[in-house]
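Notes for the one structure printed next.
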């Protein structure tokens with residue numbers, strides 16, 4: 001459905017997005033197979049009158065998102081409080097009461113998330129008038145809700161689900177509990193987002209990470225400085241890498257440098273940056289390689305028999321090509337990203353060697369960040385750079 005591809009990023013779809021509506025205009029909603037009832041005002045948001053306005057999607061692409069599985073919902077809205085009646089923002093269900101999911105505002109101005117058979121959570125304080133972002137998740141046994149980036153989840157009994165197949169914005173699937181307010185966007189993921197991802201949606205900061213690197217060595221021709229024997233850092237911190245060794249060569253047909261494994265490496269030196277994320281593209285010549293030393297041997301990234309390790313990192317997560325993995329394949333470009341719970345002070349940073357053992361292969365586009373990138377951001381980074389890695 002164009003509903004998904006038109007209203008989301010590749011990273012969101014890779015993260016498990018199964019529904020996304022931005023309510024740009026009525027024509028776009030119809031193209032997205034939405035059926036408009038009543039006369040809601042639709043202009044980069046859908047404003048419902050609280051009587052007989054709603055939008056129905058009768059063939060949802062996410063019928064497997066049910067109470068027994070994980071899901072997350074993100075809604076940007078401006079709602080009328082003290083309306084005197086229950087109001088439903090969104091409801092979906094694949095056909096059984098146990099599987100219905102609903103977000104509503106109750107008569108006391110508390111937001112509630114219902115997950116089948118009457119199990120709900122609700123905001124700990126009443127919602128005020130104005131624009132808000134609601135994010136919530138269910139992982140099959142636990143649930144939580146975030147209002148404007150803060151966790152407000154509570155457990156409480158609630159109403160039962162419905163049996164109608166479909167998705168409805170602005171009312172329940174049976175057309176009851178119509179909404180008096182505006183929905184600016186609604187997204188549903190079939191996976192559980194992290195707390196940081198929920199907060200990023202509220203702050204509109206999901207993709208700001210790309211400009212927040214404290215070390216950024218693209219290693220393209222534009223950054224190659226043979227006069228000063230270095231590759232330039234474009235983060236603004238001046239952390240240029242000195243090209244060391246007898247046979248280190250700049251790739252002319254693609255990003256990065258070729259390191260033949262004798263005495264070649266890139267010396268960034270004392271960066272004094274507290275790092276929580278390291279990412280780089282690598283095309284190794286073998287499945288056992290010494291890749292990077294962040295601080296004279298305490299924190300290192302290497303591979304042995306095709307398995308990547310991040311030695312010294314606190315609770316590290318390793319991603320390869322945007323997915324959680326520790327597999328390194330010889331003679332293929334791969335994006336490796338390592339996140340750590342505790343920041344690392346990157347003194348004596350060497351790229352391409354650990355102690356006196358050197359990388360054989362190519363390395364490019366090294367980035368480091370003081371924030372721990374989320375899974376959504378790492379998927380986005382991979383998709384942004386995938387098409388660039390083989391061009392200068």
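Descriptive notes on the structure:
- Among the residues making up segment 132-171, those that are part of a loop (DSSP other than H, G, I, E, B), at pLDDT below 75 and on the phi < 0 side of the Ramachandran plot are 141, 142, 153, 154, 158, 159, 160, 161, 162, 163, 164, 165.
- Set 107, 96: member being modelled with pLDDT under 85 and assigned by TED's automatic domain parsing to the domain that holds residue 128: 96
Results for (1) at pLDDT 95 or above; (2) under 21 Å from residue 256 (Cα atoms), shown as yes or no for each residue.
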| residue | (1), (2) |
| --- | --- |
| 331 | yes, yes |
| 341 | no, no |
| 347 | no, no |
| 351 | yes, yes |
| 357 | yes, yes |
| 368 | yes, yes |
| 373 | yes, no |
| 390 | no, yes |
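- Residue match in segment 255-267 (condition: in contact (Cβ under 8 Å) with a residue 40 or more places away in the chain, buried (at least 19 other Cβ atoms within 10 Å of the Cβ) and farther than 23 Å from residue 356 by Cβ): yes
- Among the residues listed as 76, 174, the single one being modelled with pLDDT of 85 or more and either assigned to a strand (DSSP E or B) or outside the structural domain of residue 35 (by TED's automatic domain parsing) (or both): 76
- Scanning segment 35-52 for residues that are in contact (Cβ under 8 Å) with a residue 12 or more places away in the chain, out of contact with any helix residue (DSSP H, G or I) (no Cβ under 7 Å at 6 or more places or on another chain) and surrounded by fewer than 22 Cβ atoms within 10 Å (Cβ to Cβ) gives 35, 37, 38, 39, 43, 44, 45, 47, 49, 50, 51, 52.
- Residue satisfying all of: in segment 293-305; touching a strand residue (DSSP E or B) at 6+ places or on another chain (Cβ under 6 Å) and free of Cβ contacts under 8 Å to residues at least 60 places away in the same chain; surrounded by the most Cβ atoms within 10 Å (Cβ to Cβ) among these: 294
- So residue 258, is it more than 23 Å from residue 377 (Cβ to Cβ), in contact with a strand residue (DSSP E or B) (Cβ under 7 Å, 6 or more places away or on another chain) and in the same structural domain as residue 375 (by TED's automatic domain parsing): yes
- Residue count for segment 316-342 satisfying the condition of being outside any strand (DSSP E or B), crowded, with 18+ Cβ neighbours inside 10 Å and over 17 Å from the mean Cα position of the chain (by Cα): 3.
The values are calculated or read from the model by the stated rules, or taken from the named source; none is laboratory data. In this text, all values refer to a predicted model and were calculated from it rather than measured experimentally. Glycine also receives a Cβ, built like all others from the backbone with ideal geometry; neighbour counts cover every protein chain displayed.
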